[in-house]
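A.B. asks: Have a look at the structure that comes next, please.
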Amino acid sequence: LRDRIRFKPLMDKITDADAACVHIQNGTNVFISGFTAGYPKLIPQALVRRAEKGERFRINLFAGASTGDAVDGVLAEAGLVSWRRPYMSNRTMRNRINADEIRFKDDHLSRLSSQVRDGGWGRAHVAVVEAVAITRKGHLIPTMSVGNTPTYVREAEKIIIEISSEPPDLEGIHDIFIPEDPPYRMPIPIYRSGDRIGKPFIEMDPQKVTAILFSREEDSCAVFTEPDTVSRRIAEHILDFVEHEIKRDRMPSFLPWQSGVGDVANAVLSGFLENDFFHTIDIYSEVLQDAVLDLIDMGKVRAASGSAMTLSHKARTRFFNELYRYKEKIVLRPVEISNSPEVVRRLGVIAINTAIEVDIYGHVNSTHVMGSHLMNGIGGSGDFLRNGALSFVVTPSTAKGGKISAVVPMVSHVDHNEHSVDVIVTEHGLVDTRPLAPRQVAEAVIRKCAHPDYRDLLWDYYQRAVRGAGGHEPHILAEAFGFHERFMATGDMHSR
Ligand code: 0RQ
């Protein structure tokens with residue numbers, strides 16, 4: 001891997017992880033690359049080794065979004081994290097956050113880089129970044145994600161680089177552009193999903209590099225299950241609806257698509273595979289999953305833009321084998337660009353994001369189970385939902401084997417409100433809230449989206465709220481969380 005360091009003065013920075021991690025001490029702010037993929041793997045393990053030898057220290061860990069078990073999992077397990085920002089999805093880390101052993105602040109992903117440049121996250125002591133190569137001028141070629149890495153590298157006082165054995169041919173897939181900050185902010189000149197506006201590398205001051213490591217460790221791969229009936233039904237509802245809107249001339253046929261993380265999101269994009277109406281689509285999203293490769297293979301993608309690629313093991317092999325072909329279609333950008341409200345609004349993105357629960361008036365909880373317990377974080381869902389031309393919120397109508405209704409009288413935590421949400425979808429149906437007043441939304445959501453087992457309960461609540469409290473969005477405050485309370489008392493939202 002030595003030939004990946006094309007800037008020869010950096011050769012003498014080659015070292016091992018144990019030596020490199022002396023730059024990380026108790027209280028160090030560590031800014032890492034990584035956005036579902038592309039995170040450093042060696043330094044976290046070295047930190048854990050230090051802890052195992054009895055050293056007591058804790059770091060503040062800032063990433064692009066979620067990382068693999070090799071970062072969030074091992075560091076949380078070893079009790080080495082004091083602060084974590086932003087989005088994460090690791091079970092151990094989640095438990096520690098919910099136990100208040102790790103402080104976590106949930107941020108809209110599009111906003112982070114500029115906050116770091118403002119100094120809002122404190123000093124950027126050390127950046128630890130994964131790269132496939134260092135260019136002859138001393139710049140970085142990232143791996144499978146961009147995230148906040150351009151800003152972390154720019155702001156960091158010290159930089160540790162893990163050179164990955166992933167194919168150097170990734171060079172050219174990235175488009176790195178750091179916008180100006182207020183009050184000098186100029187438009188971000190993206191007018192089509194595939195536009196390239198920056199450079200294929202991350203600019204770096206080589207003087208700040210304190211260590212370079214070689215890594216043969218891979219990202220942990222996503223596991224996608226074949227779309228189940230519920231996901232398929234949700235995907236069908238969405239595609240039918242958009243097709244209908246286009247045929248009625250209520251929206252143009254070429255708006256780009258964003259689809260969130262997870263199986264449902266993957267299923268929605270897979271739905272295009274069997275669909276004859278949509279011949280070619282643009283994707284302007286945050287994370288590109290397996291379905292994007294399938295669509296490219298079918299010749300259905302004009303351009304796919306994102307900040308990271310999260311692929312299953314099989315898809316990863318296919319991607320690397322034919323990188324030259326996929327590179328023509330895929331652009332990986334900093335998350336402040338992939339999720340930029342300005343660009344999402346300009347392009348008129350059709351946004352699809354998954355919720356934990358929705359309420360009868362269309363407010364959405366994406367992050368906290370039973371109001372209190374963090375699941376993953378808001379991620380980019382707010383960036384896309386609030387700014388998309390058409391915003392879908394999708395969820396299976398029930399969770400935990402039917403014991404939880406995902407349609408509730410009032411959400412137990414609010415991430416997105418009724419003003420940002422256009423269409424609510426479950427496997428049972430879809431409600432376009434745009435032409436409806438709140439009481440009409442409630443009636444339609446109960447009738448079309450709620451699981452049949454919960455419709456009577458929801459209807460009873462709503463009717464009593466209308467008769468009792470009245471008003472624009474009737475609620476019985478003493479009972480608004482009755483579904484949640486019942487679940488917590490009995491393990492089931494059904495009433496007995
Ligand atoms: O719990 O893991 O214990 O089984 O939540 O739910 O059904 O596996 O669905 O993986 O798609 O995740 C909203 C969390 C859905 C995710 C959420 C429980 C359920 C299960 C996971 P278990 P599923 P998914 C950015 C896109 C916010 C960020 C975002 C998410 C676990 O999509 O984090 O949108 N979204 N980013 O049992 C209690 C409920 C529940 C519930 C589900 N009502 N009550 N538990 N669960 N509903 C934009 C991009 O462009 C990428």
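No value in this document is a laboratory result; all are computed from the given coordinates. Worth saying up front: this structure is predicted, and the values here are computed from it rather than measured. When we count neighbours, we look across all protein chains shown, and the Cβ atoms used for this are built from the backbone with ideal geometry, even at glycine.
A.B. asks: Let me spell out the model: positive unit charges on the Cβ of Lys and Arg, negative unit charges on the Cβ of Asp and Glu, origin at the Cα centre of region 220-290. What dipole size does that give, in debye rounded to 20?
C.D. replies: Numbers: 5 positive and 13 negative charges, 41 e Å.
Here region 220-290 has a charge dipole of around 200 debye.
A.B. asks: Now for a different question. Can you give the charge dipole size of region 433-486 about its Cα centre, rounded to the nearest 20 debye, using +1 on the beta carbon of Lys and Arg and -1 on the beta carbon of Asp and Glu?
C.D. replies: Details: 8 positive and 7 negative charges, 47 e Å.
My answer is approximately 220 debye.
A.B. asks: Please order Phe177, Phe31 by the number of other Cβ within 10 Å, starting at the fewest. Could you put the intermediate results ahead of the total?
C.D. replies: On the way: Phe177 16, Phe31 28.
Fewest-to-most ranking of Phe177, Phe31: Phe177, Phe31.
A.B. asks: Now, a different point. May I ask you to derive the relative contact order of region 166-285, considering only C-alpha pairs under 8 Å and at least 6 residues apart, and to give it as an integer percent?
C.D. replies: Numbers: 93 pairs, mean separation 28.4, N = 120.
Averaging sequence separation for qualifying contacts and normalising by length gives 24 percent for region 166-285.
A.B. asks: Still on this structure: Taking the alpha-carbon distance from Lys208 and a cut-off under 15 Å, which aspartates and glutamates remain once sequence neighbours fewer than 8 residues away in the same chain are dropped?
C.D. replies: Asp12, Glu155, Glu157, Glu162
A.B. asks: If N is the number of residues in the chain, what value comes out of its Cα radius of gyration divided by 2.2 N^0.38 Å?
C.D. replies: Numbers: Rg = 23.1 Å, N = 496, 2.2 N^0.38 = 23.3 Å.
Against the empirical 2.2 N^0.38 Å value, I get 0.99 for the chain.
A.B. asks: With a 10 Å radius around each residue's Cβ, average the other Cβ atoms per peptide and rank 434-445, 353-364, highest first.
C.D. replies: Numbers: 434-445: 16.4, 353-364: 25.8.
Descending packing order for the listed peptides: 353-364, 434-445.
A.B. asks: Follow-up. Return the whole-Å distance between the Cα centroid of region 139-200 and the Cα centroid of region 283-344.
C.D. replies: 15
A.B. asks: I need the phi-derived Karplus couplings for region 128-143: 6.51 cos²θ - 1.76 cosθ + 1.60, θ = phi - 60°, integer Hz, Gly and Pro marked x.
C.D. replies: 3J(HN,Hα) across region 128-143, in whole Hz: 10, 10, 8, 8, 8, 6, 10, 6, 5, 8, x, 9, 9, 9, x, 9.
A.B. asks: While we're on this one: Treating the beta-carbon of each Lys and Arg as +1 and of each Asp and Glu as -1, no other charges, what is the dipole magnitude of region 132-285 about its Cα centre, to the nearest 20 debye?
C.D. replies: Working: 15 positive and 26 negative charges, 113 e Å.
Using Cβ point charges on Lys, Arg, Asp and Glu, region 132-285 gives about 540 debye.
A.B. asks: Which of the peptides 126-133, 22-29 is most tightly packed, and how do the rest follow, going by the mean number of other Cβ atoms within 10 Å of each residue? Before the final figure, lay out each step's value.
C.D. replies: Values: 126-133: 26.9, 22-29: 16.1.
Highest mean packing first, the order is 126-133, 22-29.
A.B. asks: Expressed as a rounded percentage, what relative contact order does the chain have, with Cα pairs under 8 Å and six or more residues apart? Provide the component values of the computation, followed by the final result.
C.D. replies: Values: 1151 pairs, mean separation 66.7, N = 496.
Value for the chain: 13 percent.
A.B. asks: Oh, and also: Label region 115-178 by shape, choosing from rounded, prolate and oblate, from the square roots a ≥ b ≥ c of the eigenvalues of the Cα gyration tensor; if a/c is under 1.5 it is rounded, and otherwise prolate applies when a/b is larger than b/c, oblate when it is not. Present the calculation step by step, with values, prior to reporting the outcome.
C.D. replies: Details: a/c = 2.28, a/b = 1.78, b/c = 1.29.
Cα axes put region 115-178 in the prolate bin.
A.B. asks: Run the reach check for Lys199 against aspartates and glutamates, Cα to Cα strictly under 17 Å, same-chain hits fewer than 8 apart removed. What comes back?
C.D. replies: Those aspartates and glutamates meeting the cut-off are Asp169, Glu171, Asp175, Glu180, Glu328, Glu336.
A.B. asks: Hey, can you rank 379-390, 395-406 by average C-beta count inside 10 Å, highest first? Spell out each step's value before the answer.
C.D. replies: Values: 379-390: 25.3, 395-406: 18.4.
Ranking the peptides 379-390, 395-406 by packing returns 379-390, 395-406.
A.B. asks: Averaged across orientations, what area in nm² does the convex hull of the alpha carbons in region 351-459 project?
C.D. replies: Details: hull surface 24.0 nm².
Value for region 351-459: 6.0 nm².
A.B. asks: Tell me what the chain gives for mean residue ellipticity at 222 nm when only DSSP H runs of n ≥ 4 count, each as -39,500 (n - 2.57), the sum divided by the residue total, rounded to 500 deg cm²/dmol.
C.D. replies: Details: 17 runs with 141 residues, N = 496.
Mean residue ellipticity at 222 nm (helix-derived): -7500 deg cm²/dmol.
A.B. asks: Between region 23-62 and region 420-467, what is the separation of their alpha carbon centroids in Å?
C.D. replies: Distance between centres, Cα-based: 46 Å.
A.B. asks: Separate question: Could you give the Stokes-Einstein D for region 279-438 in µm² per second, using the C-alpha Kirkwood radius, 37 °C, 0.692 mPa s?
C.D. replies: Values: Rh = 16.9 Å.
Calculated translational D: 194 µm²/s.
A.B. asks: In addition: With no solvent and one point on each alpha carbon, what is the Debye value of log10 I(q)/I(0) for region 399-453 at q = 0.18, 0.26, 0.27, 0.32 Å⁻¹?
C.D. replies: -0.62, -1.22, -1.28, -1.45
A.B. asks: Turning to a different aspect of this structure: Once amide H atoms are placed 1.01 Å from N in the peptide plane, what residues at a sequence separation of 5 or more from Ala127, or on another chain, have their amide H within under 5 Å of its amide H?
C.D. replies: Long-range HN contacts for Ala127: Phe31, Glu157, Lys158, Ile159, Ile160.
A.B. asks: Dipole of region 86-229 (Lys/Arg Cβ +1, Asp/Glu Cβ -1, origin at the Cα centre): which of Met144, Leu109, Pro183 lies farthest to the positive side?
C.D. replies: It is Pro183.
A.B. asks: Among Pro44, Ala20, Leu10, pick out the residue whose Cα is farthest towards the positive end of the charge dipole of region 1-105, where Lys and Arg carry +1 and Asp and Glu carry -1 on C-beta, about the Cα centre.
C.D. replies: Going by the charge dipole, the pick is Leu10.
A.B. asks: Classify region 144-246 from the C-alpha gyration tensor, please: rounded if a/c falls under 1.5, else prolate or oblate depending on whether a/b exceeds b/c.
C.D. replies: Values: a/c = 2.88, a/b = 1.48, b/c = 1.94.
Taking the square roots of the gyration eigenvalues as a ≥ b ≥ c, region 144-246 is oblate.
A.B. asks: Would you be so kind as to identify all helices of the chain, as entire DSSP H runs, whose Cα atoms reach 18 Å or more along the helix's own axis and whose mean Kyte-Doolittle hydropathy is at least -0.5?
C.D. replies: 229-247
A.B. asks: Let me ask something additional. Lys314: which lysines have alpha carbons under 27 Å from its alpha carbon, excluding same-chain residues fewer than 8 sequence positions away?
C.D. replies: Lys41, Lys300, Lys327, Lys329
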